[in-house]
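Below: one structure, written as structure tokens.
Here, each number is a calculation from the coordinates, and none is a lab measurement. Computed from a predicted structure; not experimentally measured. Here the Cβ positions follow ideal geometry from the backbone for every residue, glycine too, while neighbour counts run over all protein chains shown.
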Amino acid sequence: MDERPEVVVEISHLRHDQVFHYLPPGEMPGLELGARVLVPFGKKTVQGWVVGFSAPPPGVTLRPIESVVGDKPDFNPELLRLARWMADYYLHPLPEILKLMSPPEKPVRTRKHAPAEGMTPAGRHGRLALNAEQVVALREIEAALRVGGNNSGRALASGGAGSAPGAGRQEAAATGMASYSSAERQPGATGAGRQFLLHGITGSGKTEVYLRAAMTALSLGRQVLYLVPEIALTPQAVAWFRAALGDQVAVWHSRLSRGERYETWSGIRQGVLSILIGPRSAVFAPFKNLGLIIVDEEQDASYKQQESPYYHARQVAVRRARGNGAVLILGSATPSLESYTGARDGRYRLLRLTRRPQGRRLPRVTVIDLRQEHDVRFNLLGQYLSGQIALRLQRREQVILFLNRRGYSPIVFCPSCGLVLKCERCSISLVYHRTTGDLRCHYCNSRRPLPERCPGCGTAGSLRYLGTGIQRVEHLLRRFYPQARIQRLDFDTTRRKGEFDRILDSFGKQETDILIGTQMVAKGHDFPGVTLVGVLDADLALKLPDYRATERTYQLLAQVAGRAGRGRVPGEVVVQTYFPDHYSIQAACFAGYPSFYRQEIRNRELSGYPPCGELIRIRVAGEREQQVERRINELAEALVALLPGERVRLLGPAPAPVLRLQDLYRWQVMLMGELGGLKSEIRDCIQRFKKNTSVIISIEVDPYGL
Ligand code: ADP
Ligand code: ZN
């Protein structure tokens, strides 16, 4: 029997990768794999994608595809394979993955491709002399690039990726096989020798290595994907790449217009653009000839999408590099436990940068034990830190203060009746914002005016503000140092377009003395004038109900500390904590990453959390708590029946750490252990549950945070 197109359709209750055969549309002889189509489904017309060609089962009557959308297929075989892998790995319906990955719509009118603003042709780069460590790292990466550089790598390393039916034809292997395997001197897993973890302390010049590696890839005729956590936080890297490489560099970000998105995607597909810099969604760009993927700050949580589908762009990048024969660089000063374990186990080759160029020293660190620092009048501005701030102001040096807590005070409390003000839609305390004089929920963003009387007991003027947020610190600083020029960098001060850049610009030009910020100040920036960095409360992240709390604490501290001492004057970092002996704080301040890793990986081994075990979270959400509870109990029972006792544990059902969010009650179960072989059964079980219920069920593989 003849082969017919297989189509996955956007219908929610189907099995995740169920395909349907159709007849090709009448006068379209060359229907291509990856094309987006409209097909009849029952009485409706729905959207779908052609994911293969095969002989339909005998005896079924096929209906024709109604039409093909667009003049080119949405996906090439490589991206289709990637989508299948994601659907399997993240236990997510394939059509939704394809929708997530699908290219930007063609705008009604297309413009000619305009060069991006602020672009200058080849500049200072290529001249900076690399130091010895940079040279060693680069040499290894370049050797790997050259091996795949004859363009054969693309078809080579496809092994292991789930293959879409029909995709096989497009990718006959492999003239370069011999050179590939002979160059792969390291035995072991696929990709060893082509995947690197670049572990370089803050300020050690990783960007320089990325840039040179990218230039080499380009010279070999290959394209480059450079992933960054957030474009706005990496203006320097973008500027360097543009200065060195001109208008073959494209930047992918949320402010692009529809036309710009379309142009960028097409440019990448045609190979006119050779470098794409962007956040996690750029990992799906349709490269023609991808040779290098860089994942900068690979540990960053923003690579993880926090809504369905819950994918992790680093994981996708690793998989994509393997499927393409591309070289991969994961870069970080504070690698994720996953990546460092990968290097330990030989999946990644570890490259180290242990020094800052030009002999710039790492800052001195002083840990302040808040239990001894009783001066409550100053809230989080302890005596030692205040003294140091005053000193820097006197010397006209700059200060960064870090507190990862928005608003003025996180708790509004009535001492007469004991009431704590909560959001009406979420089980979360409201935060007082002094600048706007209102109360806000940081989970659903709702606000309400500050009441004059306690809503519980009616007492007038009784409400008290407990705890210290970043606005309170700003308020105190302005009182203590009236002459100082102070700016706050957080979600609230950067809502308006351009404000983020303006605040950092002003700090960069030394028009600001003290910059106080949330985690926005922790990343990337390079301010040589900063000689003091104060971490006001190092323990905030430690208290979160999350197995990554310790890792996150270490990473944030090490990153923030890296902002000091980038200029000629050596810097100091002051870390205030109630747990001065905690290993994450000790390691971030003194002992360094390997010491942190040794202790943290032991905890993960004992507890079975990733990367020492797999974890899947299943959540049920709905408006009526009783119903949610009933459904999660039923689901848990069904799951238990699937699981072989010793190797997998089921935790819960339990309320989510934030039980109620935007009017929805949420309960959850966690599956832990060796889940690999059971994943498809778990998915099918949940899929069956989805059919006849009004509750929302979500699956998150390798969940992050709250
Ligand atoms: P990282 O990304 O590792 O934190 P950067 O790439 O931002 O570090 O580099 C920190 C600073 O060191 C930058 O100002 C960069 O221009 C400079 N730098 C990097 N490599 C060299 C070098 N070989 N010689 C001199 N300066 C360098
Ligand atoms: Zn809320």
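Could you tell me which GluC sites (Glu not before Pro) in segment 422-484 are loop residues by DSSP with no more than 13 other beta carbons within 10 angstrom of their beta carbon?
The qualifying sites are E424, E452.
Would you please give the FRET efficiency between S219 and S67, computed as 1/(1 + (r/R0)^6) with r the Cβ-Cβ distance and R0 = 56 Å, to the nearest 0.05?
0.85
Determine Rg/Rh for segment 385-454; Rg is computed over alpha-carbon atoms and Rh is the Kirkwood hydrodynamic estimate from the same atoms.
Working: Rg = 16.8 Å, Rh = 14.3 Å.
Checking Rg against Rh, the ratio lands at 1.17.
How much of the calculated P(r) for segment 548-692 lies past 17 Å, in percent of all Cα pairs? Don't skip to the answer; put the middle values down first.
On the way: 7294 of 10440 pairs.
Tail fraction, whole percent: 70.
Listed highest first by mean packing, meaning other Cβ atoms within 10 Å per residue, what order do 380-386, 304-310 come in?
Order by mean packing, descending: 380-386, 304-310.
So how compact is segment 411-484: Cα radius of gyration and Dmax in angstrom?
Rg then Dmax for segment 411-484, in Å: 13.6, 42.
When every alpha-carbon pair in segment 622-706 is counted, what percent end up more than 20 Å apart?
Roughly 32 percent, rounded to a whole number.
For segment 346-493, what does the convex hull of the Cα positions come to per residue, in cubic angstrom? Before the final figure, lay out the partial values.
On the way: hull volume 31.7 nm³, N = 148.
It is 214 Å³ per residue.
Would you please put 292-300, 550-558, 263-271 in order of how densely packed they are, using the mean number of other Cβ atoms within 10 angstrom per residue and starting with the highest?
Numbers: 292-300: 26.3, 550-558: 24.2, 263-271: 18.6.
Most protected by this proxy first, the peptides run 292-300, 550-558, 263-271.
With 10 Å bins from zero, work out the P(r) of the chain over every alpha carbon pair and list the percent per bin.
Result returned by the calculation: 3, 13, 22, 25, 21, 11, 4, 1, 0.
In units of 2.2 N^0.38 Å, what is the alpha-carbon radius of gyration of segment 254-328? Each step should come with its number before you reach the end.
Values: Rg = 12.7 Å, N = 75, 2.2 N^0.38 = 11.3 Å.
Expressed relative to 2.2 N^0.38 Å, the Cα Rg reads 1.12.
Mean 1/r over all different Cα pairs, inverted: what Kirkwood radius does segment 495-632 give, in Å?
Averaging 1/r across every pair of different Cα atoms and inverting gives 17.8 Å.
Which of the aspartates and glutamates could a cross-linker bridge to K72, judged by Cα under 15 Å and excluding same-chain residues fewer than eight apart?
E32, E105, E263
³J(HN,Hα) across segment 663-673 via Karplus (A = 6.51, B = -1.76, C = 1.60, θ = phi - 60°), whole Hz, x for Gly/Pro?
6, 9, 7, 10, 10, 8, 10, 10, 10, 9, x
Pull up the cross-link candidates among the lysines for K543, meaning alpha carbon to alpha carbon under 22 Å and not fewer than 8 places away within one chain.
K304, K422, K523
Using amide H atoms built in the peptide plane, which far-off residues or other-chain residues are under 5 Å from V69 H to H?
R36, V37, L38
So if each residue of separation counts as 0.36 nm, and I subtract the Cα-Cα distance between R352 and R479, what length gain in nm does that give?
On the way: separation 127, 0.36 × 127 = 45.72 nm, distance 4.48 nm.
The R352-R479 span can extend by a further 41.2 nm.
Can you give me the distance in nm between label points at L642 and L466, each placed 7 Å from the Cα along the Cα-to-Cβ direction?
4.2
Ranked highest first by average number of other Cβ atoms within 10 Å, how do 343-354, 91-102 line up? Don't jump to the answer; show the numbers that get you there.
Numbers: 343-354: 17.4, 91-102: 21.9.
Most protected by this proxy first, the peptides run 91-102, 343-354.
Report, to two decimal places, the Cα Rg of segment 441-536 normalised by 2.2 N^0.38 Å (N = number of residues).
Taking N as the residue count of segment 441-536, the ratio is 1.35.
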